[in-house]
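Quick notes on the structure that follows.
The values are calculated or read from the model by the stated rules, or taken from the named source; none is laboratory data. Values in this document were obtained by computation on a predicted structure and should not be read as measured data. Cβ: placed from backbone, ideal geometry, glycine included. Neighbour counts: every protein chain shown. Calculation scope for accessible area: heavy atoms of the full protein, side chains included, ligands and nucleic acids excluded. Shrake-Rupley method; radii C 1.70, N 1.55, O 1.52, S 1.80 Å.
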2 protein chains.
Amino acid sequence: MTQKLPFEALSVETLPSRLGDNEALRAKIGKDTSAWKVREVGDGNLNLVFIVEGASGAAVVKQALPYVRLVGDSWPLPLKRSFFEYHALTRQEERAPGSVPTIYHFDEAQALIIMEYLSPHIILRRALIEGRQLPNIARDIGLFMARTLFRGSDLHMAARDRKADLALFADNVELCDITENLVFSDPYFDARMNRHTSPQLDGIVAELRADRDLKVEAQRLKHSFAANAETLLHGDLHSGSIMVTERETRMIDPEFAFYGPMAFDVGMLLANFWMSFFSQRGHEQSGKRDAMRAYLLEVTVETWVVFRAEFSHLWRTERTGMLYQKSLFEDQGDRLGAEQALDHVLHQIWTDLLGFAGIEVHRRILGLAHNADFETIADEDLRASCEAKALKFGRHLAVNRRQIHSIDEVSTLAALIEQESSI
Amino acid sequence: MTQKLPFEALSVETLPSRLGDNEALRAKIGKDTSAWKVREVGDGNLNLVFIVEGASGAAVVKQALPYVRLVGDSWPLPLKRSFFEYHALTRQEERAPGSVPTIYHFDEAQALIIMEYLSPHIILRRALIEGRQLPNIARDIGLFMARTLFRGSDLHMAARDRKADLALFADNVELCDITENLVFSDPYFDARMNRHTSPQLDGIVAELRADRDLKVEAQRLKHSFAANAETLLHGDLHSGSIMVTERETRMIDPEFAFYGPMAFDVGMLLANFWMSFFSQRGHEQSGKRDAMRAYLLEVTVETWVVFRAEFSHLWRTERTGMLYQKSLFEDQGDRLGAEQALDHVLHQIWTDLLGFAGIEVHRRILGLAHNADFETIADEDLRASCEAKALKFGRHLAVNRRQIHSIDEVSTLAALIEQESSI
Ligand SMILES: Nc1ncnc2c1ncn2[C@@H]1O[C@H](COP(=O)(O)OP(=O)(O)O)[C@@H](O)[C@H]1O
Ligand SMILES: Nc1ncnc2c1ncn2[C@@H]1O[C@H](COP(=O)(O)OP(=O)(O)O)[C@@H](O)[C@H]1O
Ligand SMILES: [Mg+2]
Ligand SMILES: [Mg+2]
């Protein structure tokens, strides 16, 4: 039994013999291990991901490594991130059924999760780079966020359960540490692992690092990220953590899950749409991307509208937690009191998500973990021009987030900056 | 060894035989148990407190019971609150040396703490009811709060240590539940255990329970209390949890300790000074209390000034945590960036503490746990008049907290309401 052996990384060669007696896997893909075909497809930065195909089906085996895959042994990272990913997936499935891959098996000692092989799904980021307009992503992701964030908070859960779960996820400290440093701090000083398109961006980078208001906002957002344990977050909800077909949308890879502010997931997600928007200019070799840009802004609007509508619906129908209890409002005949409180809660999420979004844009261009939207633009001047616009946009959001009132204003701002000729 | 036996409540009679072989106690008060004199002095609502005097000294033995002492078996409450009290005391001693009783021994299974007997200290609330003006309380309590709240947060601690500690204290769920219900919700609807001076206050109670803005604020504050795990709080820092002599001030009884917003301790504490202020009119049999009222307002001002000064000092000298890192400000030659961030953090504490203070005033007059400041006013009309003023004051603070800019304004408001003739 794998469970009893010490951790050992799987390989394409050893997987069939090591997992050949796993009942869940056999049931799913077929018992004849000699027919199993294995390939490793992990394009992520951290873990191994195998696709295993047998006579009667296929599955994904994801295994953590005791270090950061992208970097190697020199950056150790605990295996327990797999434990948190597993527990986050089960909670997300419960709170937003159908939104994540089905889990077949979890082996804590081997830090591996056997799960549904999403096919023919591709990573959303890739689809957006290719200029594909997917009709359902805004609705699907908006619903996912509203349901997981609402139902994982004291708005819905029993306080005792949430506190116990919070204690469980508090141990995901190494992955929180990555976010705390790489997202909120490193981009704003000369941190060791930073990189940016140089020399084109040197000027604006220096400007941002000297921007007091921006840095103060970034740290206030970090303060909220670290202290405000409002709900169970996905923690890494960008377009590289979402797999899509024309009609279906699934969220994967919640290994950064922990209790944080609701606005964080929403802000990171929207930031990735906005980065896609600013990167489109770099992908116009095969034709103009005007329609794609318009589509992307519509997606941000619809995502927020759907999120807000679903969150409000859950507020009115599933507010069973200890916060804003009905005994104080509806039960006293004061429905409008509950609506007033909802407005406050949504306003807070809105204000904070703009901040998180701005910071996320910056770290993807100035920090360690860049994203393919910009990275795949081969022409460095063109890439830098796209990136510079995104940086300015991010700065505006982060610093002015309390003065921006609607998602339409953000669309207008994005379009305005995008059309500037000078960086 | 007591540690190995199942929990059993101590009594005045059994204490010497049960703790007679406890080395810490013997060392402190003398080995001859036949000379030990024991009395039970617990005036609190929850636990047993014994004073044990021996030939060479005295000590306090505090033991939790598996239920709420005030109510009895019908309201069970876990023994582990003693564990949290012990761990909070050790952290407070570390962060604010000399501010809490010295701990001699802790026995988890028996839920008992053996600690320094504070003598001739009396409970601060009693001193204030008697009209005593203590010269050092504002400074001592201001320093205690600044030091414990700052040093227990990500402003100072290593993030990993804080997250581990947060997980530990997340299990103090039953005591959090008491605060969550009794402080933030019950006062605002017809909850079972509520009581108030009746019929005199019936009118204003009905008014407050119909006050939408107030209830929404109370719940927003509850949201912050429950989600914003900023630092290790005392959790019950009122004038009944502080023991004083003319020159010395000690904080006791942190069994409600958990990770919450900094402003909570500060707000609860100041609320208790303000309640003392409004209750003085009920204690004028033996002479006018004008000077005492002036003193109490000075105490609130000085407490906040000392808190702010010490917090700012620690910000400048001990900001070693992951938030607002020097690498982003001072190390880039931007001292003013750090000052700007400090202003934001203090502003948030200020705004929230006014809210927590307002709610604390309400729950002490409308909820289950009243306080002696008002309760000892025998004349019910006089008591109701004092309470009504405090209720109005609390409502004003909670609802207008974002529009109140200085502690002097609060003093002016308190004096104005106090001098009104009609309730
Ligand atoms: N359930 C799945 N079905 C199909 N492909 C998957 C699945 N899970 C992961 N993948 C593929 O593996 C890649 C890496 O997975 P991911 O969970 O993001 O790993 P990492 O944590 O290392 O970033 C994904 O980008 C996707 O292409
Ligand atoms: N260390 C101490 N020294 C002297 N008296 C104490 C000490 N601790 C508690 N007391 C007395 O016992 C009373 C109850 O203690 P407290 O810790 O507040 O108990 P509870 O948790 O039940 O409220 C206090 O009000 C005080 O009079
Ligand atoms: Mg990952
Ligand atoms: Mg107590």
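Things to note:
- Pairwise Cα separations in chain A fall into 20 Å bins from 0 onward with the following percentages, short to long: 26, 56, 17, 0.
- q = 0.12 Å⁻¹, the range B:93-165: log10 I(q)/I(0) [Debye, one scatterer per Cα]: -0.52
- Taking only protein heavy atoms and a 1.4 Å probe, the accessible area of chain B is 51% carbon and sulfur.
- Inter-site label distance for residue B:122 and residue A:400 at 7 Å from Cα along Cβ, in nm: 6.2 nm
- Compactness of the range A:15-116 is given as radius of gyration and Dmax, 14.0, 40 Å, from Cα positions.
- Local electrostatic count, residue B:130, Cβ distance below 12 Å [Lys/Arg +1, Asp/Glu -1]: +3
- Chain A: most fluctuating residue of A:344, A:121, A:196 per GNM, C-alpha cutoff 10 Å: A:344
- Amide N proximity, the range A:204-225 versus residue A:190 label position 7 Å along Cα-to-Cβ, cut-off under 17 Å: A:204-211
- Within the protein assembly as shown, the proportion of Cα pairs with more than 45 Å between them is 33 percent.
- Put simply, the amide H of residue B:233, placed in the peptide plane, has neighbours under 5 Å in B:258, B:259, B:260, leaving out anything fewer than 5 places away on its chain.
- FRET efficiency, 1/(1 + (r/R0)^6) with R0 25 Å, evaluated for residue A:31 and residue A:245 via beta carbons: 0.30
- Charged side chains reduced to their Cβ positions (Lys and Arg at +1, Asp and Glu at -1) give the range B:122-419 a dipole of some 200 debye around its Cα centre.
- Cβ-Cβ FRET estimate between residue B:109 and residue B:74, R0 fixed at 25 Å, reported to 0.05: 0.55
- Gaussian network model of chain B, Cα within-10 Å springs - most flexible of B:142, B:355, B:337: B:337
- Estimated purely from DSSP H runs of n ≥ 4, each contributing -39500 (n - 2.57), the mean residue ellipticity at 222 nm for chain A is -15500 deg cm²/dmol once divided by its residues.
- Spin-label model distance (nm) - residue A:130 vs residue A:419, 7 Å beyond Cα toward Cβ: 3.1 nm
- Inter-probe distance in nm under a simple model that places probes 7 Å from Cα toward Cβ, at residue A:340 and residue A:177: 4.6 nm
- Fluctuation leader among B:327, B:99, B:82 - chain B, Gaussian network, Cα springs under 10 angstrom: B:327
- Inter-chain shielding of A:207-219 (mean C-beta neighbours from other protein chains, 10 Å cut-off): 5
- For the protein assembly as shown, the solvent-accessible area of protein heavy atoms averages 36 Å² per residue (probe radius 1.4 Å; ligands and nucleic acids excluded).
- In nanometers and ordered shortest first, the copy-to-copy spacing of the residue A:400 label point, defined 7 Å from Cα toward Cβ, is 3.3.
- Here is the list for the range A:119-216: GluC sites (Glu not before Pro) lying in DSSP coil, each with at most 16 other C-beta atoms within 10 angstrom of its C-beta, are A:130.
- Dimensions of the range A:233-294 based on its C-alpha atoms, expressed as ranges along the principal axes with the largest first, amount to 43, 22, 16 Å.
- Take residue A:57, move 7 Å from Cα toward the beta carbon, and the resulting point lies 6.9 nm from the same point in each other copy, nearest first.
- Exceedance of the 23 Å cut-off in Cα-Cα distance is limited, within the set B:4/B:37; A:215/A:389; A:28/A:80, to B:4/B:37; A:28/A:80.
- Inter-copy label distances at residue B:335 (7 Å, Cα→Cβ; nm, one decimal): 5.9
- Taking the range A:122-419 and dividing mean pair separation by its residue count, relative contact order in percent (alpha carbons under 8 Å, at least six apart): 29 percent
- Computed Rg/Rh of the range B:260-313, alpha carbon atoms with Kirkwood Rh: 1.10
- Among the residues of B:185-197, the average count of other protein chain beta-carbon atoms within 10 Å of the residue beta-carbon is 2.
- Think of each Lys and Arg Cβ as +1 and each Asp and Glu Cβ as -1; about the Cα centre, that makes the dipole of the range A:224-273 roughly 80 debye.
- Of the GluC sites (Glu not before Pro) in the range A:310-355, the ones in a loop by DSSP (not H, G, I, E or B) with at most 13 other beta carbons within 10 Å are A:318.
- Diagonalising the gyration tensor over the Cα atoms of the range B:270-351 and scaling each eigenvalue by 5 before taking the square root yields semi-axes of 40, 10, 9 Å, largest first.
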